[in-house]
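Data first, discussion second: the structure below is written as structure tokens.
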Amino acid sequence: MPLKRLVFIRPGETDWNLDGRWQGWVAIPLNEHGRLQVQRLAGFIRNMGLSALYSSDNRRAIDTAEILASELGFDIVFDDRLRERSIGHWQGLTVPEIHGWYKEEYQQMLKDPDGFAIPGGESLDQVRVRAEAALEGIIKKAEKAGSETVGIVSHTSTIVMMLKCLIPDITLGNVNFGNSSVTTVVRGESGEWRETAVNDLSHLEGLAARHMPLDVRGDDR
């Protein structure tokens with residue numbers, strides 16, 4: 001039975017999300033609001049028919065996946081290739097702090113967003129390599145097991161890399177993936193992938209999907 005659907009899930013909210021701090025690989029847990037977001041999410045995806053759940057091993061992703069697995073009743077497969085981008089020396093900093101302490105490097109990142117490696121961390125090109133390898137393995141395992149729908153708990157940079165791998169011409173524009181958001185892609189009969197939902201937050205049902213201002217969140221758009 002071929003794999004038909006992939007469901008990409010961003011972790012729930014952390015206190016560092018609210019502070020506008022770049023988290024990278026640091027072990028920041030979900031806050032209470034984030035846990036509530038994911039509990040709502042569990043009810044939302046219950047009817048999607050997930051037969052497997054893969055997750056980053058970053059703490060906020062682990063917290064998210066464990067809540068989902070508890071509600072849905074199956075085990076989690078953790079994969080460190082699904083981690084967020086390693087941000088090295090910028091971990092824990094806000095964008096104003098990065099501007100103050102690493103202004104030249106930050107400008108280099110804006111000029112070469114894919115190729116620039118953050119000091120002590122990764123470039124997006126490096127994230128793409130490991131994300132695509134993880135995705136390829138997940139798809140092979142799903143097809144071998146006869147899974148139709150698989151969930152993947154990961155992070156914005158890594159999710160974007162996997163989406164571009166599946167749908168090279170996908171247009172994400174200025175999408176800001178919200179905490180606990182769901183992005184779903186399906187595979188057609190000829191094997192091509194297409195998105196059916198991007199940054200879906202409808203499961204929150206009035207519960208806030210809180211965001212910091214753009215200059216604090218870090219994308220400088």
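Let me know the longest stretch in the chain that avoids all GluC sites (Glu not before Pro) found in a DSSP loop with at most 12 other C-beta atoms within 10 Å.
Answer from the scan: 1-188.
Output the relative contact order of the chain, whole-number percent, from Cα pairs under 8 angstrom with separation of 6+ residues.
Dividing the mean separation by the residue count of the chain yields 33 percent.
Considering amide H positions built from the backbone, and no H for Pro or chain starts, which residues 5 or more places from ALA197, or on another chain, come under 5 Å of its amide H?
For ALA197, the qualifying residues are THR184.
Below 22 Å, Cα to Cα, which lysines can LYS103 reach? Residues fewer than 8 away in the same chain don't count.
Leaving aside lysines fewer than 8 places away in the same chain, those within reach of LYS103 are LYS111.
Determine the per residue accessible area of region 1-145 with all protein chains present and a 1.4 angstrom probe, expressed in square angstrom.
47 Å²
Once R0 is set to 22 Å, what does the formula 1/(1 + (r/R0)^6) return for the Cβ-Cβ distance between CYS165 and PHE74, expressed as a FRET efficiency to the nearest 0.05?
Working: r = 25 Å, r/R0 = 1.15.
The calculated FRET efficiency here is 0.30.
Could you tell me which of rounded, prolate or oblate describes region 143-193, using a ≥ b ≥ c as the square roots of the eigenvalues of the alpha-carbon gyration tensor, with rounded for a/c under 1.5 and, failing that, prolate when a/b is larger than b/c and oblate otherwise?
oblate
Grab the other residues whose beta carbon is less than 15 angstrom from that of SER70, score K and R as +1, D and E as -1, and report the net. Working shown, then result.
On the way: positive: ARG35, ARG40, ARG46; negative: ASP63, GLU66, GLU71, ASP75.
Charge balance in the 15 Å sphere: -1.
Tally Lys/Arg at +1 and Asp/Glu at -1 over every other residue whose Cβ is under 12 Å from the Cβ of ARG10; what's the total?
-2
Give me the distance in nm between label points sitting 7 Å out from Cα along the Cα-to-Cβ direction at ARG46 and GLU32, one decimal.
Here the answer is 2.4 nm between the modelled labels.
Of the accessible area of the chain, with the probe set at 1.4 angstrom, what percent is carbon plus sulfur?
Details: 4880 of 10220 Å².
Roughly 48 percent of what the probe reaches on the chain is carbon or sulfur.
Quick one: in region 1-111, what % of C-alpha pairs are over 18 Å apart?
Counting pairs separated by more than 18 Å, the tail of P(r) holds 56 percent.
For LYS144, which lysines qualify as cross-link partners when the Cα separation must be under 19 Å and same-chain residues fewer than eight apart are set aside?
Counting by Cα, and skipping residues close in sequence, LYS144 has these lysines nearby: LYS4.
Please give the contour-minus-distance gain from GLU195 to GLU148: 0.36 nm per residue of separation, less the Cα-Cα distance, rounded to one decimal in nm.
Between GLU195 and GLU148, full extension yields 15.3 nm more.
So, with +1 on the Cβ of K and R and -1 on the Cβ of D and E, and no other charges, what is the size of the charge dipole of the chain about its Cα centre, to the nearest 20 debye?
360 debye
Can you put HIS99, HIS33, HIS203, HIS89 in order of accessible area, largest first, using a 1.4 Å probe?
Of HIS99, HIS33, HIS203, HIS89, the descending order of accessible area is HIS89, HIS99, HIS33, HIS203.
On the full set of protein chains, 1.4 Å probe, figure out the accessible area of TYR106 and give it in Å² to the nearest 10.
The accessible area of TYR106 comes to roughly 0 Å².
What list of ³J(HN,Hα) couplings, whole Hz, do you get for region 169-186 from phi and the Karplus terms 6.51, -1.76, 1.60, once you set θ to phi - 60° and write x for glycine and proline?
9, 4, 10, 9, x, 9, 4, 9, 5, x, 4, 6, 5, 10, 10, 10, 10, 10
The values are calculated or read from the model by the stated rules, or taken from the named source; none is laboratory data. A quick note: this is a predicted structure, and the numbers were derived from the prediction, not measured. Glycine gets a Cβ as well: all are built from the backbone with ideal geometry, and neighbour counts include every protein chain shown. We work out accessible area using only protein heavy atoms, side chains counted, and drop any ligands, DNA or RNA first. Shrake-Rupley method; radii C 1.70, N 1.55, O 1.52, S 1.80 Å.
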